[in-house]
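Below is one structure, written out as structure tokens, with a few remarks after it.
Rule-based calculations on the coordinates, nothing more; no lab input. Just so we're clear, the structure is a prediction, and the values are computed from it rather than from any experiment. Neighbour counts are summed over all protein chains in view; Cβ atoms, including those assigned to glycine, are modelled from backbone coordinates with ideal geometry.
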Amino acid sequence: MRSMAWIGSIMMAAVLCGCGSNVKVIEGDVAIKETSAPIQEKEQEETTPGKAVENVGTAEDTTQYSGYVFTYDGTIISMDMDAAPIVEQLGEPDSYFEAPSCAFEGIDKVYTYGSFELDTYPTDDKDYVSTVVLKDDTIATTEGVGIGDPEDKVVEAYGSEWIEEDGMRVYEKDGMKLCFILKNDTVASIEYRSTAIEQ
């Protein structure tokens with residue numbers, strides 16, 4: 001079923017650089033596929049928002065991360081983590097893009113790994129995770145919400161306290177945001193976002 005493919009080139013804004021008209025938009029089709037892998041829910045302890053976690057985590061040790069975390073093939077990705085060990089563990093991306101950062105000194109980078117995109121921002125000669133964009137329903141958030149799920153599942157997983165921002169339903173926790181676009185009461189896009197890129 002590909003009922004969400006009509007979203008096409010009006011996909012979500014992936015990174016807000018804060019420099020006027022130079023807002024980067026990631027474009028592409030949202031595909032609804034038949035299967036999705038189950039992802040187990042894990043509790044998290046608070047850590048200092050914006051502090052990079054040096055080691056790449058695995059699905060068994062999510063408790064050391066703050067905010068909402070994304071898990072892919074056993075790799076835990078949290079906003080503001082050092083991106084180098086994550087990129088190394090994920091392996092060769094399907095595609096790669098870079099451009100001068102309009103919010104930081106250095107280069108913003110975008111790695112595409114099949115069903116999701118990983119964006120980074122530069123600080124102190126390192127790259128840190130700024131955004132993770134889920135692109136189809138073969139993957140889901142750590143709490144089990146994926147593209148194509150009903151609005152009720154979002155509320156069940158994250159509660160009814162959110163803000164509306166740029167046409168998105170935004171949940172904020174420990175210095176990061178988890179953003180959903182809903183179309184006809186169905187999840188059309190999911191994005192994890194660091195608040196560091198908005199400052």
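What's the Kirkwood radius of the range 155-199 in Å, using all Cα pairs?
Computed over Cα pairs of the range 155-199, the Kirkwood hydrodynamic radius comes out at 11.0 Å.
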Residues of the range 170-199 with backbone N under 16 Å of the label point set 7 Å from the Cα of GLU161 along Cα→Cβ are 170-178
In whole Å, largest first, the alpha carbons of the range 64-124 cover along the principal axes 31, 28, 16
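How would GLU156, GLU191, GLU88 line up from fewest to most surrounding beta-carbon atoms within 10 angstrom?
Fewest to most other Cβ atoms nearby, the residues stand as GLU88, GLU156, GLU191.
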For a paramagnetic label modelled at 7 Å from the Cα of GLN64 toward its Cβ, which residues of the range 119-153 fall within the zone defined by backbone nitrogen distances under 17 Å?
-> 129
From the cross-link list LYS109/LYS183; LYS153/LYS177; LYS126/LYS153, which pairs have alpha carbons spaced over 27 Å apart?
-> LYS109/LYS183; LYS126/LYS153
May I ask you to work out the translational diffusion coefficient for the range 52-187 at 20 °C, viscosity 1.002 mPa s, via Stokes-Einstein with Rh from the Kirkwood sum over Cα pairs, reported in whole µm²/s?
-> 136 µm²/s
For the range 109-161, alpha-carbon Rg relative to the globular expectation (2.2 N^0.38 Å, N residues) = 1.41
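Treat the count of other C-beta atoms within 10 Å as a stand-in for reagent exposure and order MET79, MET176, MET168 from fewest to most.
Working: MET79 28, MET176 24, MET168 21.
Ascending number of Cβ neighbours within 10 Å: MET168, MET176, MET79.
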